[in-house]
Every structure is written in structure tokens, then in C-alpha cells.
Amino acid sequence: MPQGSSQLHRVVVIVDENSNPFELGCATEVFGLRRPELGRELYDFVLCSPEPRTLMRDGFFTLTGVAGLEAADRADTLIVPNRPDTDVPRRPAVLDAVRRAHARGARLVGFCSGAFTLAEAGVLDGRRATAHWQWADSFRARFPDVRLEADVLFVDDGDILTAAGSSAALDLGLHLVRRDHGAEVANSVSRRLVFAAHRDGGQRQFVERPVPDVPDESLAPVLAWAQERLGETLTVADVAARAAVSPATLHRRFRAQIGTTPLAWLTGERVALACRLIERGEDRLDVVAYRSGLGSGANLRALMRRETGLSPSAYRKRFGG
């Protein structure tokens, strides 16, 4: 969403029969709450449904008092329905609303089994997507033309984004906030959620958490230590030494506990710091590169483009103070 726009970006969530309350809650928490701590609102948030009364998953509760399905035709971002009974086809009116939104250029989002809704609507053919790992085989059998990536948290394919489900819906929601409003705002939203500010979409859905051999093998202390030293010449070997383990052991713990490598984590943290520096008004690329530990302007440009899809100058134009 361009900075300075007088009209809030409208996020519309379609809720249909047997929809999952958790992902609805994630969407509401990220896009629907007022943000007095920011001094401004981020989104115009609307719930809609094909029926006046919508029975949620397993009859947990009935949703009433929301807009009709026509609200989907005014969405800038449309979050499609998801539900556990993926073999039951979506009603045609919902699929038609998804197709109309896609045709006019709205951003489409599917949480968990929402990928099935997008695929049924025919908007995922030839596109990248993800869904919860337990439905991967079923999804591939039904929608062979979709490029399913079954072992990641979320997939950003430009105007269509999908998340694997459960907490990955929050990861994707924060990713969208970061894309729309920058890293500083996304960090503020994540702090209010008491949730990790950034987990890359390429991390694994299922992270093994074996019972530790010692009372505490948590990486949290060493991660906090490293985050305070991102601008220094900090290597994976330095982090391993701080954790009093070998680099190989550190690598295994990172894979087991947060689903990525120490080097990928360091790079992601440094790019996030570079983004924050640019947002705070630092326009000298060599200074940003030095203070974030990315070394050179060329390295900064390459890694920012890889991690955010934007060059430093484009990021400054969009999010800079």
C-alpha cells in the first residue's frame, strides 16, 4: 500500500460454513485491531459470509452480524475460507467471489486449507502454494497443476499467498504487514501479539523438538546475544563458541529448534536490521551495510532484494521516514 494514501487498504475475510476459528482469529488479530500505539490504523477490516448465520467448525459457535458476500467485491486483500473437511466442495458463490477478486487484481490469501478454496476457484494453476502437511498428498492428487511446496511455513507468490496453517497464519499475516508497512510496524504488531517478529516462509512446517539431554538447551540466550552484535564481525563459529558447542552441534540445534541454519538466521536478522535503519532515515547505504553487519553496499543490495523483493532505494521510497 503506498505511503501517504488517504484510503486504508481493505482486508476482507470470507467466513463460510465449518470455517476454522483459529485462522479467523489470526486474521482479526493482525488486520482487525486498532493500533493506538502506532498513532494510526493500518487496515480497514471486514468479515463477510454468504449466509446471515454461519456455523463455525464442529458447531463451536455461530457467527452472525457480518457483511454479506458482496463485501468481497470491495476487498484489496481477500482472505478465503478454510475448513477441515477439504473433500467437500466450496459453494459456487464463494468461488465466484474469489475469481472476481482475482480478475480485478485483489491480493488473495489462503490460511491452512484455504489453499483448497483457491485451487477450486482455479486461480492457483501453474502457481506456487502451500497447505498443511497432512493434506499434501490429497492436494496434489486433486490439483496436479499447482506447484505445491508442502514443507514450508508460507508461500508468497506475489498476488496470491498461502500459509500452512495454525501459527503459520500469523507468520504470513506479519509478512503482509511487513510488505505493506515496513519492518518497524511489523515488529510493533508482533510485540503486541507476543509473537516472533520474523520467521522466513521457507522454514519447515514441522520442527522437531526432542527432549533435551541437559536441563536447558534453549537457543534464546545465544540468539539475544547475537542480535546485540549484528554489526560486528560475527560468524557462525562465534555464535557456536558463545553457546559452548561445536558449529556442527549448533547447526543441528538451529535445525531442530527453529527450522533454519545459523547462517540463514544471521543473514535474516541483519537484513531486518538494515530495513529498520532505512526506515529510521539512514540514507547512506555504506553506513546501513556496516551497521547491520552486511559489509558492503553490493551485498546489502543483493540480500535485501532476495529477502524483501525490494532494492534499498525502493525500500526507502516505500517505507523510509
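Where a number appears in this text, it was derived from the coordinates with a stated rule and is not lab data. Please read all numbers here as calculations on a predicted model, not as lab measurements. Note that each Cβ is placed from the backbone with ideal geometry, even for glycine, and that neighbours are counted across all protein chains shown.
Annotations
- By average C-beta atoms within 10 angstrom, highest first, the peptides 306-315, 268-277: 268-277, 306-315
- Listed values for the stretch 84-94 are Karplus-derived 3J(HN,Hα) couplings in whole Hz (6.51 cos²θ - 1.76 cosθ + 1.60, θ = phi - 60°), namely x, 8, 5, 7, 8, x, 6, 5, x, 4, 5, and x replaces Gly and Pro.
- Under 5 Å from the amide H of N82 lie the amide H atoms of D16, N20, each residue being 5 or more positions distant or on a separate chain, with H modelled from the backbone and absent for Pro and chain starts.
- Euclidean distance of C-alpha centroids, the stretch 48-67 and the stretch 138-190, integer Å: 25 Å
- Karplus (6.51, -1.76, 1.60) ³J(HN,Hα), θ = phi - 60°, over the stretch 138-151, in Hz, Gly and Pro reported as x: 4, 5, 4, 5, 7, 10, x, 7, 8, 8, 6, 10, 7, 10
- Whole-Hz couplings from phi, Karplus 6.51/-1.76/1.60, listed for the stretch 289-300; x for Gly and Pro: 4, 5, 5, 8, x, 8, x, 10, x, 5, 5, 4
- For R10, the amide hydrogen comes within under 5 Å of the amide hydrogens of D44, D76, T77, counting only partners 5 or more places away or on other chains and with H modelled in the peptide plane.
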